[in-house]
Every structure is written in C-alpha cells, then in structure tokens.
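This report refers to the structure that appears directly beneath it.
The values are calculated or read from the model by the stated rules, or taken from the named source; none is laboratory data. This one's a predicted model, so the numbers in the text were calculated from it and none came from an experiment. For neighbour counting, all protein chains shown are included, and Cβ atoms are generated from backbone atoms with ideal geometry for every residue, glycine included.
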Amino acid sequence: MLTRSAFRAIGCLAGCFVLFFSLTPMATAASHVAYVYVGTSNGVYLYDAASDGNLTLVSGSPFAIAGKAIGSNGGYFISLGTNYIHSYPVASNGAIQNQVSQIDTANYSSDPGACEPTAGGELDHTGHNIYVLLGTNGCTELQSYKLSNSGLLTFLYSDSFDHGYVSALAPPTITANGLYAYNGLPIGSCAEDTNLFQRQSSGALQFEGLPVMNFPARDPGWGGFETLPPIVAGPFDALALTLQEQSLDGCGGPVKPVQLASYTVDSQGGLNTTNTSQNMPIPQVYPTVLNMSPDGDFLAVGGIETHTAGTVTQSTGLQVFHFNGANPITAETGKLTSAPIDEIDWDSSSHLYALSNSTGKLYVYTVTSTSVTPAPGSPYSITKPNALVVVPTIPNCTYPSSPGVNICSPSSGSTNLSPLQIKANATVTGTIRNTQLWVDSVKKYTSNSNSLKTSISLAPGTHRIAVLALNTAGQIWEGAVNATVAGCAAPASPGVHICFPANGSAAGPGVKILAAATVSGTLESMQVWLDGVKAYTAASNSIDMVMSLAPGTHRIAVLAINQAGQVWESAVYVTGQ
C-alpha cells in the first residue's frame, strides 16, 4: 500500500488522491439472503435479511393475516387459526398478498368437537404438505393437507390417536427425507416414548404407534429416560432429542437436569443412539424449543422456563451447540441471552434468528464454527410478537437434478481442520438403499437415506473423499473430491503453538482454541487460561475446544506442563463481540 510519504516523494497532489481511492478496497454491499416474517397481534412484519444479518423492514408491513403464521414455501404464506388454515400468495419482494384459499379443519375431524381446536401446524420440506395437530383433553388428531401450485388447500387424511394426557402434543418434526415424523409426549408423562408417523404416497402422515428406540447408557443408580417434547430433525438422517433421566423410584421421584441427545433414523423409522448419560451435554437453558441449522452443523436451544434438578438450575435464554451427527452434541457457546426465547429459525447463510415474545425482541446472530456474533442492529424491538418464519432465498446443500451425488462439503481443493465435516446429497433412480462415505478407498460411514452428514477425524494431508449412492436395484452413483486436512503443528523445540485464534482477532461469544505443544520429558497436561483463570485442561499435547467469550479484550494463554513441573506458555489477545 502506498504511504503518504511516498506520495509526497513523487510530488503527487490531487491526482494522487484519485489513485489512492482507486487502490483502496471499497466495502462490499451486503446482499439479500432471506425474508424474515415476524407475526404480531397487529399483523406480520416482513424484513429483508442481508448477508451481514442486518434486517430492513419491507414496505407495506404489517401485512394482515388471519390466525398465526406457521410457514411459507416462498410462493405462498400459510397461517393457522382456531379452526381454519389460510393461504396467501407472496410477491417477488416477499410481501404477503390477499388470501386465495382457506379450509376448515373442523369439517374433517374424526370426532367433531372432541379433538378441536387446532394445537399447531407444520409445513413440510417440499412446501406442499401441511400437517395440523388438533386436540386436548386426551384426544389428539393429526390432519394432512395439500397446498397446490396455485395456493389451493385440499384435505388429504386424518388420523386420530388418544395419548391420554390433558396437554396437547407438539406438531410433528419431519425427517429430512420426508419419510417419517415424530413428536414427543407431554412433559410429566414419564414416558420413554415418542410418536412415529410415516409419510404415504399422497404426502399424508399416518400414525404408526411408537418407534423402535434405544436409550443412552444410564448412570449407575438411576432409572430410565423421559423423552420430552422438543425434537428437531437435521438435514440428514439424524435427530436431536431432549431426555431427562429418572430416579429408580420412577415417575415423580428425583430427576437429573435435561440433556441433549443425538439419534440416527434407520430405514424403518427406528431411532438409535450411541450417546451415554456421561457424554450428553446439559444446556444452561431449559430447552422448550430446538432448531437445527440447514447444514446440520449447529443446534440452537431456546427456553422460556426455569427448572432445578438437584443442584443444577436450567433457565430461560438461548444457547448454540455443535451437532455432530451420530456423535455426541458438543457446546459452542454459553448463554447468548437470558431473555425467554419462544421461537428459533435459521436461514442458509449462517444466521440464527430467535424471538422473545415476552420481551418483544428478535435476536439475530451470525454463527460459524469458531464464533457467534450479533448481527448489526440486533436485538430488534417488535411489539407483541407471536410467530417467526424465515424463508431463505439462497439454497443450502442441493440435490442433483439428475441421478448423481453432490458433495457440498468439503469443497474440492479446500483446506480444512480435523474433524472434517462431510455433507452430501444424492439423487437416484428407483428407491434409495443407502449412501456411503469412503476416505482414501476405505468405507467410513453409511447413511440409510439419500443424504449424508458426518464428521471424521483425519490425519493432516490430502485425502480423497468419495460418496456413493446405491439404489435397491444395485445401481451406484459416485461423487468425489480431494481435500486437505491442516494440522496444528507442534513446534520443533519445546514450546506452545497457538494456531487459532490469531492474536488481535475478534470473535463472538464462542471462540475456537486450537493449539499444540512440544515439551521436554513427559507431558503432564495442557491448560487454557482466560484472563488469568484456568478454564480447561487436557491430558494430550493438543487443544481443540470452543470457549465462551464475553465482550471486551481478553488474554487467552495456553500452557504445556511436563511431569517435572516445567511450564511452556504462549498467549494471544482476542476481542469478544
């Protein structure tokens, strides 16, 4: 870059200012990435979301609708009232136009008057099927509806089932491939169960009873797990569930704090986990709402209640976790806010949206593997909010338009940290059998759907990543990329190398710490110290963790200690945002 002294040296005057500004990079304007709809008692406020997370109110807001907003496929906006479902066309700028269709759910109830009114609704991944839950007082009914390309609503199917509890169930959570759906039983049911629904060829969901389901290994001296209502599906064959371990005394006895569990879905809709009571995280937030990022990397946990189990109190707020497929969920941040969070959604550009009805605030964050940072203007003040719908306009990991495999991550020729995140979608002719991950010609992972997401620890170097898709007829399609895994190299002589974060960098509430050490003699431990307080200890010569970081400048030090008591240290300064 040219300095002022250099300009003076060449006798530059006005013309140099033209040259200077032509050489200085200009700020890139943020681009549109999503439409964000916030329902209120006065109508729906529509915001245009930019790539930096900034929200701009769209002209014409608030838009009048009947009932409460439940979803949009980009072409039509759907709301649900006491009995009616409503459909509204969406303009090119996201604006909600006049209603084109409505349908009365009471006309299709298997037991009119008993299973009414509506208790929530869900728009499926295709954007053309709507599932409405009806009922309280022990009667529950799931109705399925079709949304046509012209916005017309038509009834498909109704399935009634008696869950025996006064409180209504939550609307179903639908798997990424659309084949199955689940919802948890009400809090206090003390049930090791969740309900299973299977998608029919018409798009309707049919109640199948209880899925085949295993549970995490229990702690000695404790009983079974209760499955709580919040369930969320990732973009692949995996779910996040909330579980609470019961005492041996059974229902009504002491309980442990609520924990987060990861499950995979098999070809018959069964739920399987390898988690244990010891490795399932306990969120600081009491989870009443869960939502997973479109790429399946992150799990957001929101809560509007406070509960104490033993010595642990879980309260209101918002927290983000890493979702690792079948592997245990791991923490990304501490509490991002303590405000009660009622609804959570994501766009496809790494933005998290969290709505607090009681405080009238919409929180927006940019979430990456190394940081979580508030978007410009967040939180936004909104009067009497009651619903949140986010419609991404930039696609995430797409399915090939013809038979084949699309590897979305890692990208070809990229350099990545270990564990390597693998994401792929496949399109096949006929019926999918499975998708398989092969690394350097060795099979490492199998998914029983046409989507694959997992993480795998790999040695530094370049690897061939191949994903195969097989149908039931034995045909195979393959996609492959070469990707490099960068290690955090330990120094050649005794010392500590902090690979991440960089000195002087900025990070959000969560910052990734990546470091390696060499010591003389035998290593005793490595430690991470934050502002002079020990925060983490590892018994290996490397550190790979995420740590919460408050706003302001912080000193992060990594120490390596050998068994003789010698200490080596390296430190960086990072600004929390």
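Is there a residue in region 230-247 that is out of contact with any Ser or Thr (no Cβ under 8 Å at 6 or more places or on another chain), surrounded by 15 or more Cβ atoms within 10 Å (Cβ to Cβ) and farther than 27 Å from Asp342 by Cβ? Yes, there is a match, as at least one residue in region 230-247 is out of contact with any Ser or Thr (no Cβ under 8 Å at 6 or more places or on another chain), surrounded by 15 or more Cβ atoms within 10 Å (Cβ to Cβ) and farther than 27 Å from Asp342 by Cβ.
Once region 162-178 is narrowed to residues that are on the phi < 0 side of the Ramachandran plot and surrounded by fewer than 17 Cβ atoms within 10 Å (Cβ to Cβ), the residue that is modelled with the highest pLDDT is Asp162. Restricting attention to region 316-355, the residues that are of a type in the set (S, T, N, Q) and either over 25 Å from Asn279 (Cβ atoms) or touching a His at 6+ places or on another chain (Cβ under 8 Å) (or both) add up to 7. Within region 76-123, the set of residues being at pLDDT below 90 and either closer than 19 Å to Ala387 by Cβ or of a type in the set (Val, Ile, Thr) (or both) comprises Pro117, Thr118, Ala119, Gly120. State yes or no: is Asn73 closer than 20 Å to Tyr145 by Cβ, in contact with an Asp or Glu (Cβ under 6 Å, 6 or more places away or on another chain) and modelled with pLDDT under 95? Judged against the criteria, Asn73 is not a match.
Part of a strand (DSSP E or B), farther than 17 Å from Leu239 by Cα, touching a residue at least 40 places away in the same chain (Cβ under 8 Å) and not polar (S, T, N, Q): is that true of Ala300 in this structure? Considered against the rule, which asks whether it is part of a strand (DSSP E or B), farther than 17 Å from Leu239 by Cα, touching a residue at least 40 places away in the same chain (Cβ under 8 Å) and not polar (S, T, N, Q), Ala300 comes out as no.
The listed residues are Leu523, Leu530, Leu470, and the only one of them that is surrounded by 13 or more Cβ atoms within 10 Å (Cβ to Cβ), assigned by TED's automatic domain parsing to the domain that holds Lys443 and of a type in the set (A, V, I, L, M, F, W, C) turns out to be Leu470.
Restricting region 72-84 to residues that are crowded, with 21+ Cβ neighbours inside 10 Å and small (Gly, Ala, Ser), the residue that is farthest from the chain's Cα centre (by Cα) is Ser79.
Restricting attention to region 538-577, the residues that are of a type in the set (A, V, I, L, M, F, W, C) and part of a loop (DSSP other than H, G, I, E, B) total 4. Screening Ala424 with (1) more than 20 Å from the chain's Cα centre (by Cα); (2) surrounded by 15 or more Cβ atoms within 10 Å (Cβ to Cβ); (3) aliphatic (A, V, I, L, M) gives one miss only, at (1). Identify the residue in region 268-297 that is hydroxyl-bearing (Ser, Thr, Tyr) and part of a loop (DSSP other than H, G, I, E, B) and, among all such residues, is modelled with the lowest pLDDT. Top of the filtered list is Ser277.
Checked against (1) closer than 18 Å to Cys488 by Cβ; (2) out of contact with any Leu (no Cβ under 7 Å at 6 or more places or on another chain), Val511 passes all but condition (2). Being in contact (Cβ under 8 Å) with a residue 24 or more places away in the chain and either surrounded by fewer than 22 Cβ atoms within 10 Å (Cβ to Cβ) or polar (S, T, N, Q) (or both) is a property that holds for Ser349.
Being assigned to a loop (DSSP other than H, G, I, E, B) and acidic (Asp, Glu) holds for only one residue in Glu305, Glu245, and it is Glu305. Restricting Asn396, Asn450, Asn416, Asn386 to residues that are touching a residue at least 12 places away in the same chain (Cβ under 8 Å) and touching a Lys or Arg at 6+ places or on another chain (Cβ under 8 Å) narrows the list to Asn386.
Taken residue by residue, region 274-291 has no member that is buried (at least 21 other Cβ atoms within 10 Å of the Cβ) and closer than 19 Å to Leu452 by Cβ.
Of all residues in region 437-467, exactly one satisfies the criterion of being of a type in the set (Ser, Thr, Tyr), part of a loop (DSSP other than H, G, I, E, B) and crowded, with 20+ Cβ neighbours inside 10 Å, namely Ser449.
Of the residues making up region 485-494, one or more are out of contact with any Cys (no Cβ under 6 Å at 6 or more places or on another chain) and within 30 Å of Asn450 (Cα to Cα). In region 489-508, the count of residues that are surrounded by 15 or more Cβ atoms within 10 Å (Cβ to Cβ), touching a residue at least 40 places away in the same chain (Cβ under 8 Å) and polar (S, T, N, Q) is zero. Hydrophobic (A, V, I, L, M, F, W, C), crowded, with 21+ Cβ neighbours inside 10 Å and not assigned by TED's automatic domain parsing to the domain that holds Met547: does that describe Val312? So Val312 does not fit the description; no. Within region 536-568, being on the phi > 0 side of the Ramachandran plot and at pLDDT below 90 holds for one residue alone: Gly552. Here the condition is being among the polar types (S, T, N, Q) and either under 30 Å from Ala507 (Cα atoms) or over 24 Å from the mean Cα position of the chain (by Cα) (or both); of Thr373, Thr435, it holds for Thr373 alone.
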